[in-house]
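> Can you read through this structure? Questions will come right after.
Bear in mind these aren't lab numbers, they're just calculated from the coordinates by the rules spelled out. Since we're looking at a predicted model, the values are computed, not measured. Positions of Cβ are generated from backbone atoms using ideal geometry, with glycine treated the same way; all protein chains shown enter the neighbour counts.
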Amino acid sequence: MKQKIIDNLFFCRTHDYLHIYIPRQQNGTANTLATYKAGLRSFRTYVNDIAKIPTNKFKFQDCSYDFLLDYRNFLHDSRHLAERTANNRLAVIKSYMNYASARDVSLQQYAFAISQVPFYTEPKIHQPVIEDVSALAALLAMPSNTKKGLRDKVIMSVLYDGATRLEELLSLKIGDLNLNNDDIRIRIHGKGNKERTIILDTKTTALVRQYLMEFHPELEANTPFIYTIIDGVQKRMSKRNVQKLMKKYADKARMNHELPKSVSPHTLRRTRGTMLYRDGVPLEAISIMLGHSNTKTTRDHYSSPSFEQMRAIANKKNEAIPDEPQLWPDDEEEMAKILGF
């Protein structure tokens, strides 16, 4: 009887959900696990501090449609979280309830009820891309001709040319590079443990080969492709370091070129995907290169036309629009009326 009471507690399955289901069955990354853990922690704080219900008293049936709707509204209206962030927190609770109800069918009615809690409609905001090709070239060429500059140039070039995510680049090891061809092919470990292969162009290939001679003369398979030395120990570079060097080079390039207000590693990926779309590359091929599960994601975020393409559309001949009327008529009597004579 005591075990049955414990099984009815809402948070009784969170340990298995976070440490078994997410990493093993959903192939969740460390970042995914951290996101779901933060989402459940946020909900528990709300249950304890706002709803005033102790963890050992809060049951699955207490997580009703109205309760979860109030939680969603609290996040947005009182905590002032953005719609997307509130939706992510809501999605965590729905996912956890689906997991729990799959383990115990008696909970399915509760899982179904909260599944109907609506997400906020998120404003669709296209992240900036680097529109000017000369500005992009200036940014990629900004690192100096030093050993450290070569490393930074390779980081930015691979981020752009391969349209890779920052996490994907930093998780690369030498063994992920196929160097047996004229061009370098890289095995990318993407989200959800999905793998894909990218091929670098001739210029990026030359840069990477030069980088390997300087930083990886031994070509040890398990060595991080991009690394730093901390206290004499070789470690993979942090995201923060890459973000800082990107900002430094973008600030310098912006002095003579037009760049978005904020340039991040993801700006290079987004710019690459968008440029390919504008050049007429099929959306399906771009989606595969980016590692998207479906083309809808690619279409939603990368299929924006350039200003020149929008101008060409606007200037296409349209017979439905009347010609501009003659301001001054040829009829003298009509002219006199207009002039007030």
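> Mind checking which of Lys148, Lys57, Lys239 has the largest fluctuation in a GNM of the chain, springs on alpha carbons under 10 Å?
Greatest mean-square fluctuation among the candidates belongs to Lys57.
> Within the set of other residues whose C-beta is less than 12 Å from the C-beta of Tyr36, count the net charge using Lys and Arg as +1 and Asp and Glu as -1.
With Lys, Arg at +1 and Asp, Glu at -1, the neighbours total +4.
> What dipole magnitude, in Debye to the nearest 20, does region 133-310 give about its Cα centre under +1 on Lys/Arg Cβ and -1 on Asp/Glu Cβ?
Dipole size: approximately 640 debye.
> Express in % the proportion of alpha carbon pairs of region 1-142 at distances exceeding 26 Å.
34
> Hey, another quick one. Work through the residues other than Ser171 whose Cβ is under 12 Å from its Cβ and net out their charges, Lys, Arg +1 and Asp, Glu -1.
+2
> Output the peptides 151-162, 37-48, 279-290 sorted from most to least packed, where packing is the average of other Cβ atoms within 10 Å over each peptide's residues.
Packing order, densest peptide first, comes out as 151-162, 37-48, 279-290.
> If you take every residue apart from Thr197 with its C-beta less than 9 Å away from the C-beta of Thr197, what net charge results, scoring Lys and Arg +1 and Asp and Glu -1?
+2
> Using amide H atoms built in the peptide plane, which far-off residues or other-chain residues are under 5 Å from Ile188 H to H?
Residues meeting the amide H criterion: Arg196, Thr197, Ile198.
> Determine the dipole magnitude for the chain: charges of +1 sit on the beta-carbon of Lys and Arg, -1 on that of Asp and Glu, nothing else is charged, the reference point is the Cα centre, and the result goes in debye to the nearest 20.
Computed about the Cα centre, the dipole is about 2440 debye.
> Among Leu207, Met289, Pro217, flag the residue with its Cα farthest along the positive direction of the charge dipole of the chain, charges on Cβ as +1 for Lys/Arg and -1 for Asp/Glu.
Farthest along the dipole direction, towards plus: Pro217.
> I would also like to ask the following. Once you charge only the Cβ atoms, +1 for Lys and Arg and -1 for Asp and Glu, what is the size of the charge dipole of region 18-84 about its Cα centre, to the nearest 20 debye?
300
> Ignoring everything except DSSP H segments at least 4 long, calculate the 222 nm mean residue ellipticity for the chain; use -39,500 (n - 2.57) per segment, divide by total residues, nearest 500.
-14500 deg cm²/dmol
> Could you compute the FRET efficiency for Ser106 and Lys37, with r as their C-beta to C-beta distance and R0 at 30 Å, rounded to 0.05?
After rounding, the FRET efficiency stands at 0.70.
> Test of understanding: what is the full-extension gain from Ile230 to Leu9, defined as 0.36 nm times their sequence separation minus their Cα-Cα distance?
Result: 75.0 nm gained on full extension.
> ³J(HN,Hα) across region 79-87 via Karplus (A = 6.51, B = -1.76, C = 1.60, θ = phi - 60°), whole Hz, x for Gly/Pro?
7, 6, 6, 5, 3, 5, 5, 4, 5
> Please express the Cα-Cα pair-distance distribution P(r) of the chain as a list of whole percents, one per 20 Å bin, running from 0 to the bin with the greatest distance.
Distribution as computed: 23, 42, 26, 7, 2, 0 percent.
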